[in-house]
Amino acid sequence: MMTVNVNRHFFKKYFNMLLIAVALIFASSAAVVLADQNKIEVKASIVNVRTGPGLAYDVLDKVKSGTQLDIMGEKNGWYQVRLNMDKIGWVASWLVDNTEIGLNTSHQVAKLNTSNVPIYQQADANSTVLGTGSVNASVTVLYTTNGWTQIKYNQSVGWVRSTQLNVSSASTTQAQSAASTSDSGQTVTMLTTNQDDTKLRSTPNANGTIVTVLSNDTPLTYIKTSGQWYQAKTSTGQTGYVANWVVTKRDVNTAPIVKPTSLSKATIVLDPGHGGSDSGAVSASGKFEKTYTLKVVEMVAAKLREAGANVVLTRSTDTTVDLAKRPKIANSINADAFVSFHFDSTQTNNDASGITTYYYNTKKDSALAKTMSQNLSRLPLPNKGTMYGNFQVLRDNDRPAILMELGYINTAKDFKAISSEQYQEAVAEAVYKGLNQYFQ
Ligand SMILES: [Zn+2]
């Protein structure tokens with residue numbers, strides 16, 4: 001039970017299981033895609049609807065035979081669907097039709113490339129280890145995200161680090177084509193200049209004629225890589241080469257931002273600042289910022305979920321999560337809002353007090369920042385309003401995003417509030433109301 005497909009008995013059992021599953025799909029077809037392609041109809045007695053596009057996500061609801069669901073989107077072989085009461089969830093496409101998509105995504109096979117590969121319950125090295133896999137053991141790949149791969153494990157699923165897997169060449173092609181289909185029209189690779197006087201040249205070297213000179217923070221559309229240079233296009237259509245050390249390359253989510261008209265239709269990412277080895281700011285009495293950000297986020301999440309929103313947390317335990325990974329979560333699920341929770345601090349204790357709401361992109365973020373800040377003004381600490389903030393979780397975010405500093409943790413008066421359940425509850429209520437007002 002602690003290894004993957006290593007003995008024949010297990011493999012045979014697994015294979016039989018697969019045959020039964022395939023037979024069931026072909027016999028009854030769990031659901032069919034209707035002619036207009038925007039709806040699916042459930043034919044099996046029951047199909048699970050999950051909170052995200054993968055088997056590791058919680059079951060949000062179950063739908064019965066005959067139910068018709070609106071398809072809103074598709075990602076990695078999963079359909080995003082709208083349920084009654086306007087809840088939004090995901091169903092596996094291989095359970096709702098029997099076309100190529102389903103077969104491709106459910107049959108990618110990879111081999112573990114080291115011995116004793118830990119298989120985790122979640123895409124997180126701090127989560128429970130379900131078992132280990134031995135070198136060259138075959139696994140079925142279900143879903144890949146942020147350096148983690150979800151695999152079939154025993155009768156359920158588990159996660160391994162993607163670096164510990166070799167996907168065979170045949171299935172790599174499938175994986176790539178699947179990815180490009182689901183991502184088409186969703187992401188574009190952009191470059192941003194890191195300094196003033198950045199030269200765009202006619203050839204990929206320092207001797208090339210200068211096409212134009214760009215100022216810091218200028219966006220360019222990436223075309224291709226040529227040695228240490230990128231070919232790129234400016235917003236005015238000029239094409240040339242720029243050195244890779246003076247720009248930052250990033251995939252940008254270009255999915256249109258269409259604001260849902262109620263909380264129950266919204267997907268919201270809540271980001272409890274810091275965590276794990278990163279404690280954040282520290283109070284005069286030695287208490288950590290990371291503890292209070294998570295507490296408040298748990299309260300906000302409960303309120304939003306009760307209102308039917310699809311809520312995703314960047315962390316739900318005291319674990320270290322890379323700053324880069326946090327906005328990626330919002331981008332990858334086309335979140336309707338990303339809200340980051342922090343508590344401020346100053347060099348010297350008792351130097352400042354109050355709440356600030358930060359945004360990065362005026363066009364994309366400031367409506368959310370403004371609405372939120374208005375709602376935070378009901379809190380007992382002074383409200384300093386909204387402000388531009390160049391934070392990575394906002395800067396790398398393609399979705400509407402804000403970061404709140406909800407009081408100064410090393411100011412006695414503010415900390416008294418921050419550490420009280422009454423204030424935490426009041427913050428949660430204000431954030432809930434702010435989001436509720438924003439999605440109207
Ligand atoms: Zn912080």
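We did not get these values from a lab; they are worked out from the coordinates using the rules stated. Values in this document were obtained by computation on a predicted structure and should not be read as measured data. In this analysis, Cβ positions are derived from the backbone assuming ideal geometry, glycine residues included, and neighbour counts consider all displayed protein chains.
Laid out as a table, the results:
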read-out	value
Residue-span extension gain [ALA206 to SER377] - 0.36 nm each, minus C-alpha spacing	56.2 nm
Extension gain (nm, one decimal) between LYS413 and LEU323, 0.36 nm per residue minus Cα-Cα	29.5 nm
Nonlocal amide H pairs with GLU74, under 5 Å, H built at 1.01 Å	GLN80
Charge tally in the Cβ shell below 12 Å around GLY147, where Lys, Arg are +1 and Asp, Glu are -1, GLY147 excluded	+1
Net length gained if the chain between ASN126 and THR163 were fully extended (0.36 nm per residue, minus Cα distance)	11.6 nm
Computed over the range 205-329, the ratio Rg/Rh where both radii use C-alpha atoms and Rh is Kirkwood	1.15
Shape parameters for the range 263-438, alpha-carbon atoms, Rg then Dmax in Å	14.7, 44
Over the range 188-253 - Rg/Rh using Cα atoms and the Kirkwood inverse-distance radius	0.91
Derived scalar couplings ³J(HN,Hα) [the range 417-426; Karplus, 6.51 cos²θ - 1.76 cosθ + 1.60; whole Hz; x for Gly, Pro]	5, 3, 7, 9, 5, 4, 5, 4, 5, 5
Residue-wise HN-Hα coupling along the range 254-270, computed from phi with Karplus coefficients 6.51, -1.76, 1.60 (Hz; x: Gly, Pro)	9, 4, x, 8, 10, 6, x, 9, 7, 3, 5, 9, 9, 9, 10, 9, 9
Too-long pairs where the Cα-Cα distance tops 32 Å, listed order kept, from LYS249/LYS303; LYS75/LYS303; LYS39/LYS295; LYS64/LYS328; LYS75/LYS364	LYS249/LYS303; LYS39/LYS295; LYS64/LYS328
For the range 322-383 and the range 210-238, distance of Cα centres in Å	32
Sequence-distant residues sharing a close amide H with THR212 (under 5 Å, placed H)	LEU200
Cut-off under 5 Å, modelled amide H: who pairs with ARG399 long-range	none
Protection proxy ranking, peptides 336-345, 205-214, 414-423, average beta carbon neighbours within 10 Å, highest first	336-345, 414-423, 205-214
FRET efficiency estimate (nearest 0.05) - Cβ-Cβ, THR254 to ASN194, R0 30 angstrom	0.85
Sequence ranges 218-224, 298-304, ranked by mean other-Cβ count within 10 angstrom, highest first	298-304, 218-224
Two-site label geometry, SER262 and ASN244: point separation in nm, points 7 Å out along Cα→Cβ	5.0
³J(HN,Hα), Karplus 6.51/-1.76/1.60, whole Hz, each residue of the range 359-373, x for Gly, Pro	10, 10, 10, 4, 5, 8, 10, 6, 5, 5, 4, 5, 4, 5, 4
